[in-house]
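The values are calculated or read from the model by the stated rules, or taken from the named source; none is laboratory data. Note that this is a predicted model, so its numbers are computed, not measured. Here the Cβ is made from the backbone with ideal geometry for all residues, glycine too, and neighbour counts use every protein chain on show.
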């Protein structure tokens with residue numbers, strides 16, 4: 001499963017044109033760059049746009065008074081992207097264990113968001129669900 005922080009890294013690199021410079025295994029700005037990077041998964045550009053659009057929609061839906069809390073941040077979310085019939089389907093799951101909660105904890109029963117997103121990053125629909 002692709003981890004959220006890898007999706008965010010890919011989105012940030014796409015946003016700035018991939019301008020990060022990598023030295024051959026050396027250190028730069030306190031970062032030790034790998035000499036042989038093995039990706040967890042490969043996402044095409046439209047899949048990243050779809051994930052980003054759905055993630056932004058979910059983050060915007062969290063209460064403003066909770067801004068800055070781990071439970072209302074991208075750190076507490078997993079993003080899963082699939083494609084069928086030219087449409088990307090993005091499921092966002094909440095992972096409160098990343099915020100110090102016990103594994104399996106939840107503020108709601110089986111919380112998730114599911115979106116249909118175009119290859120251009122436009123949200124086409126949100127699946128209504130009743131847990």
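Here are some notes:
- Leading residue by the ranking (modelled with the highest pLDDT) among those in segment 98-108 that are in contact with a helix residue (DSSP H, G or I) (Cβ under 8 Å, 6 or more places away or on another chain) and exposed (fewer than 15 other Cβ atoms within 10 Å of the Cβ): 100
- Of all residues in segment 110-125, those being under 13 Å from residue 83 (Cα atoms), without any contact (Cβ under 8 Å) to a residue 60 or more places away in the chain and under 14 Å from the mean Cα position of the chain (by Cα) number 1.
- Lone unmet requirement of (1) more than 22 Å from residue 50 (Cβ to Cβ); (2) modelled with pLDDT under 85 for residue 111: (1)
- Residue list for segment 73-84, restricted to those being out of contact with any strand residue (DSSP E or B) (no Cβ under 7 Å at 6 or more places or on another chain) and free of Cβ contacts under 8 Å to residues at least 12 places away in the same chain: 84
- In segment 51-60, the qualifying residues are those that are over 10 Å from the mean Cα position of the chain (by Cα) and touching a residue at least 24 places away in the same chain (Cβ under 8 Å), and the one that is surrounded by the most Cβ atoms within 10 Å (Cβ to Cβ) is 58.
- Which listed residue, of 95, 91, is surrounded by 14 or more Cβ atoms within 10 Å (Cβ to Cβ), modelled with pLDDT under 85 and within 13 Å of the chain's Cα centre (by Cα): 95
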